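Take a look at the structure below.
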Amino acid sequence: MVDLNRRHLLGKIATAGAASALIPASVKAQVEPPRRAHARMHGESGGNNVIGKVDHARNGFDPRAILTDWDTGTVSMMPDGRRLREYEVAAVDLEIEIAPGVFFPAWVYNGRVPGPTIRATEGDLVRIRFANGGSHPHTMHFHGIHGARMDGVPGAGQVDPGETFTYEFTAKPFGCHLYHCHSLPLKRHIHKGLYGAFIVDPDPELHPDQRDAARSRLLGTPENAAWQEFVMVMNGFDTNFDDENEFYAVNSIPFVYFDEPIRIERARPVRVYLVNLTEFDPVNSLHIHANFFDYYDHGTTLTPTLKTIDTVMQCQAQRGILEFTFAEHEPGLYMFHAHQTEFAELGWMAHFEVV
Ligand SMILES: [Cu+2]
């Protein structure tokens, strides 16, 4: 019996050098996408990478744009003076190119993986009209505070194909959160791509003792505009459906920010909203080179929960906010990546370019 387990296979490739000699032709055919990508990573480019480029236009989304693409909804004021934010989200089936020439039959919110980064302010009424244009029942299950009927699980807000449902709740607590489909089987619905970040900015009026820190997080303030903010959803893709990921990334496409570094203005501080939605692996992580950051677990505090660290790990659905600066650094390229080195080799590898 041939073992198609990814780690077993990659181990053979790594130790054998000439991988072909050890792998029967029948097995090669079955594992073609990951095997080919892995061989490329150790081949012509002189390091870990893939050859070629993913066609972002054909996918319909670009991970470079996703970094700073906040969906703040349609804003209006209600008679009682509360702010209302209304969103439209649709789920559909969509084939996306994960790595050059490797296609994945995804399920997506609003045409992208991760789905839209829904951003609101603490205390806002959030109303999300969800339409299911896909081929399976889906939900939007938010990690936040809400009533049972709004939980987005089978029996409460699950939407059959062709149907709609409106989720409504108050945006709280402030922090860095997420949403995902909670239909069954859960791991398959998540792994197919139905997830996204949900950011709730603190209302400075509610935090008089930490007003400055709250204002720096609140989108639209001059204090917030001083920061360079990015959303990073760590994820993976099981392209041969063996319950192991062949590719890892931030915002879905391996090596994108490695090949095209994220530009950082040296004088401005950096804030990263980091969310782990990797399926099949118990943890993922982020490690930054040549620098340290403060970390706010779940983003629900205005003082760091971990100070001066260079690596953080998250289980699935765990998330947090990273704050750091390159103000004292020389300009240049600074790596950041998963410190599960196998994840890094399979795509979760990136650069900041400090200018
Ligand atoms: Cu689903």
- Apportionment of accessible area to carbon and sulfur, region 269-317, percent (1.4 Å): 63 percent
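Across every pair of different alpha-carbon atoms, what Kirkwood hydrodynamic radius in Å does region 248-317 reach? Numbers along the way, then the final one.
Working: mean 1/r = 0.0724 Å⁻¹.
Radius from the Kirkwood sum: 13.8 Å.
Work through the residues other than Met349 whose Cβ is under 13 Å from its Cβ and net out their charges, Lys, Arg +1 and Asp, Glu -1. Spell out each step's value before the answer.
Numbers: positive: none; negative: Asp259, Glu260, Glu342, Glu345.
That sum, taken over residues with Cβ under 13 Å, equals -4.
Taking only DSSP H segments of four or more residues, each worth -39500 (n - 2.57), what value at 222 nm results for the chain once the sum is divided by all its residues, to the nearest 500 deg cm²/dmol? Don't jump to the answer; show the numbers that get you there.
Working: 10 runs with 61 residues, N = 355.
Taking each H run of at least 4 residues, the total per residue is -4000 deg cm²/dmol.
May I ask you to give the average projected area over all directions of the convex hull of the Cα atoms of region 44-161, in nm² rounded to one decimal?
Values: hull surface 39.1 nm².
Reported value for the Cα convex hull: 9.8 nm².
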- Query: Between Met77, Gly144, Asn48, whose Cα lies farthest towards the positive end of the dipole of the chain when Lys and Arg beta carbons carry +1 and Asp and Glu beta carbons carry -1, centred on the Cα centre?
  - Reply: Asn48
- Item | Alpha-carbon Debye profile of region 203-346, log10 I(q)/I(0) at 0.11, 0.13, 0.14, 0.19 Å⁻¹ | -0.45, -0.62, -0.71, -1.19
- Taking the Cβ of His298 as the center, what net charge do the other residues with Cβ under 15 Å away carry, scoring Lys and Arg +1 and Asp and Glu -1? -1
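Give me the 1.4 Å probe accessible area per residue for region 293-355, excluding ligands and nucleic acids, in Å². Could you put the intermediate results ahead of the total?
Details: 2620 Å² over 63 residues.
It amounts to 42 Å² per residue over region 293-355.
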- To the nearest 10 degrees, how steep is helix 6-16 against the longest Cα principal axis of the chain, on a 0 to 90 scale? 50 degrees
- Message: I'd like the carbon and sulfur percentage of the solvent accessible area for region 52-106, probe radius 1.4 Å, heavy atoms only, ligands and nucleic acids excluded.
- Response: 52 percent
- Note on the structure: Nearest 10, in degrees from 0 to 90: the angle of helix 32-41 to the longest Cα principal axis of the chain is 90 degrees
- Sorted largest first, extent of region 177-287 alpha carbons per principal axis (Å): 50, 34, 20
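Given a Förster radius of 45 Å and the C-beta distance between Glu353 and Asp160 as r, what FRET efficiency does 1/(1 + (r/R0)^6) yield to the nearest 0.05?
FRET efficiency, Glu353 to Asp160: 0.45.
First compute the accessible area of region 147-223 with a 1.4 Å probe, then give the percent of it belonging to carbon and sulfur atoms.
Values: 1670 of 3270 Å².
Roughly 51 percent, rounded to a whole number.
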- Pairwise Lys count, the chain - Cα closer than 29 Å, eight or more residues apart or different chains: 12
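For Met77 and Glu265, calculate 0.36 nm times their separation in residues minus their Cα-Cα distance, and state this gained length in nm to one decimal. If you can, show how the numbers build up before the last one.
Values: separation 188, 0.36 × 188 = 67.68 nm, distance 3.59 nm.
So the extension gain works out to 64.1 nm.
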- Query: Taking 0.36 nm per residue of separation and subtracting the Cα-Cα distance, what length does fully extending Asp55 through Met313 add?
  - Reply: 89.8 nm
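May I ask for the net charge around Trp227, where only other residues with Cβ less than 15 Å from the Cβ of Trp227 are counted and Lys, Arg are +1 while Asp, Glu are -1?
Working: positive: Arg119, Arg215, Arg217, Arg263, Arg266, Arg268, Arg271; negative: Asp201, Asp212, Glu223, Glu229, Glu265, Asp294, Glu323.
So the surrounding residues net to 0.
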- Got a sec? Charge dipole of the chain, +1 on Cβ for Lys and Arg, -1 for Asp and Glu; which of Ile262, Leu322, Ile98 is way out at the positive end? Ile98
- Query: Residue by residue through region 137-152, which ³J(HN,Hα) values in whole Hz follow from phi under the Karplus form 6.51 cos²θ - 1.76 cosθ + 1.60 (θ = phi - 60°), with glycine and proline marked x?
  - Reply: x, 9, 9, 10, 9, 8, 8, x, 10, 7, x, 4, 5, 9, 6, x
- Label the chain by shape, choosing from rounded, prolate and oblate, from the square roots a ≥ b ≥ c of the eigenvalues of the Cα gyration tensor; if a/c is under 1.5 it is rounded, and otherwise prolate applies when a/b is larger than b/c, oblate when it is not. oblate
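The values are calculated or read from the model by the stated rules, or taken from the named source; none is laboratory data. The structure presented is a predicted model; accordingly, all values stated were derived computationally and were not measured. Cβ sites come from the backbone with ideal geometry, for glycine too, and all protein chains shown count toward neighbours. What goes into the accessible areas is simple: the full protein's heavy atoms, side chains included, and nothing from ligands, DNA or RNA. Shrake-Rupley method; radii C 1.70, N 1.55, O 1.52, S 1.80 Å.
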